[in-house]
Amino acid sequence: MSNEWNALSKAVEMLDEEEREKVKLYLYSLKKMAEDNVEGQKSFMTDLYNLRALFFKAGELMRNHPERKHALIQMDIDNFKSFNEFCGRDGGDLLLQSIADAMRGLEREDRVLCHFRADVFEIFTSFESEEELVDITKYLTSKIAQVKLPCKAFPSFGIYVAEDPGVPVSFMKDYADMAMRTIKGKFYSNYAFFDEEMRTSMLKEKQIENQAVEALEKGQFQVYIQPKVNMETGAIIGGEALIRWKHPEYGMISPMDFIPVIEKDGFIINVDVYVWNEVFKMLGRRQAAGKKVVPISVNISRLHAHQDDMVKCIRGMGTQYGVSPEMVGLEVTESGFSNNTTVLFERMQQLRDFGFPVHMDDFGKGHSTLTMLKNEPVDVIKLDRDFLRQIENAKNQVVVKNTIGMLNALDVHVIAEGVETQEQADFLIQCGCYDAQGFYYYRPMPMGEFEALLDEEQAKSGHVVKSI
Ligand code: C2E
Ligand code: CA
Ligand code: CA
């Protein structure tokens, strides 16, 4: 189509101006009509219905046949992007067309077959038993396995069974999509039905999204601190501030559950700023009272790459509470350094120039490239908990030992995260890593408890820090 369109456009260029304008206008209106038609009905590539047509046709079927049971199956191809890269665009197109052909084999009066976009397909159907729906997934899986291409494609399916005939088809699609996402990466099955558990977690996610702003205002977010220790002496050498949400209904919600949600709408920025402020305030208050202080690190979400005033904000808190920069470490995850976040990278560099130590968090969890370290503005590397898993395995020991050796040689301070046993601690000390943060020593605790711990240490040592 686009080739023909180009050829036509070229031919038109050869006409005189007035004719050209007329023909151009005519061709444009024809093209628009064709586009509207395709847009309104069929996918251009596969000739299956598009989403708008699916919503309309499936809605009609549900209204006209309330006595039938209806379901929507959504399918996509795992890692379709890599498939396309490996097999080329033509290979990808061939696969999509083969899927569409296979789907046509399922055509029935009570079904709507849809190509939503890229590698995502939808099948709306009536059914008697859930087995029939599973059979559809099996049929398509076997058809896709038969497509002759240099790399294999693996589909995933999400199935939503309509509970009442009034449910909008767009909702059915969202639920099927959610079910489909839960099956990704599982090797024992390639389909999942939307169930109660998914509904509950979806509702919870929605609630988190809706309630986070109010929760911050109402003081439901609290800053906990997990001490960092010197493993040889047991002395507290610092701490990491970690956020907690004490929800009136759900109790304590883990940051693992709510941070991904508030990252989506950017609210994590406000939560981070709240944490930073609490940390600076506490350090300033203790310093002023001549009490013992240790450096506390705070987490910096990747989203701060989009906050122009981030550097000013952190520096401003230091000035406001009279806290010197070396007392507040800034933790950025490894991926925060490597993904298109040159802006964040520059901001961290600026803050480092002002004296704030920069910590690379979760080192070894993602795709750390050791060469990356040469160029990064980091003072501290936090070895991820994954690093310590199975250190009884000889090969893992070699990796841990040499990584620590290399980091020491590069003159970066190494802190091991997630130390849970004496054996792990002994091994790390042997490798030249002396500082750690882990449940073996302390769990994250409310800020007040952490302060009490510092007071206790101070009382024991008689150590007094001069107020600034
Ligand atoms: P993180 O920055 O890697 O923080 C360390 C996490 O490891 C904490 O989980 C801590 O409780 C846990 N941990 C420490 N020692 C051990 C151990 O020995 N065993 C095990 N199993 N876990 C250990 P937490 O508090 O649940 O936080 C999870 C993640 O949430 C943090 O990982 C961080 O990425 C994020 N997070 C927490 N607070 C904040 C915050 O204020 N701002 C931002 N942006 N992210 C935060
Ligand atoms: Ca951290
Ligand atoms: Ca970490």
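Figures for the structure shown
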item	result
Karplus (6.51, -1.76, 1.60) ³J(HN,Hα), θ = phi - 60°, over segment 399-411, in Hz, Gly and Pro reported as x	4, 4, 4, 6, 5, 4, x, 5, 5, 4, 5, 7, 6
Diffusion constant of the chain at 37 °C, which comes from Stokes-Einstein with the Kirkwood Cα-pair radius and 0.692 mPa s, µm²/s	122
Per-peptide average of other Cβ atoms within 10 Å, ordering 316-324, 42-50 highest first	42-50, 316-324
Charge dipole magnitude, Cβ of K and R +1, D and E -1 - segment 273-332, Cα centre, debye nearest 20	300
Long-range HN-HN contacts of Val358 with modeled amide H, under 5 Å	Leu330, Asp379, Val380
For Glu326, net neighbour charge (Lys/Arg +1, Asp/Glu -1) across residues whose Cβ lies under 14 Å away	0
Derived scalar couplings ³J(HN,Hα) [segment 147-152; Karplus, 6.51 cos²θ - 1.76 cosθ + 1.60; whole Hz; x for Gly, Pro]	5, 8, 9, x, 10, 8
Net charge contributed by nearby residues that have their C-beta within less than 13 Å of Thr342 (K/R +1, D/E -1)	0
Packing-based ranking, highest mean first, of 132-143, 170-181 given that Cβ atoms within 10 Å are counted	170-181, 132-143
Segment 38-165, Cα convex hull volume normalised per residue, Å³	93
Residues with amide H under 5 Å from that of Tyr191, placed H, sequence gap 5 or more	Phe157
Gyration tensor verdict on segment 125-197 (Cα atoms; rounded if a/c is under 1.5, prolate if a/b is larger than b/c, oblate otherwise)	prolate
Normalised contact order of the chain, rounded percent, pairs of Cα under 8 Å and 6 or more residues apart	11
Cβ charges +1 (Lys, Arg) and -1 (Asp, Glu), total dipole of the chain, debye	660
For segment 415-460, alpha-carbon Rg relative to the globular expectation (2.2 N^0.38 Å, N residues)	1.34
Signed unit charges on C-beta, dipole axis of the chain, positive-most listed residue Val323, Gly266, Ser43	Val323
Charge dipole (segment 95-200, unit charges on Cβ, about Cα centre) - positive-most of Phe124, Ala100, Pro168	Ala100
Amide hydrogen neighbours beyond the local backbone of Lys69, cut-off 5 Å, H modeled	Phe127
Thr233 versus Cys151: modelled label distance in nm, points set 7 Å from Cα along the beta carbon direction	5.4
Charge tally in the Cβ shell below 14 Å around Ser254, where Lys, Arg are +1 and Asp, Glu are -1, Ser254 excluded	+2
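Since every read-out is calculated from the coordinates, none of them should be taken as a lab result. Predicted model, so just to flag it, every value in this text is computed and none were measured. So basically every Cβ, Gly included, is an ideal-geometry build from the backbone, and we count neighbours across all protein chains shown.
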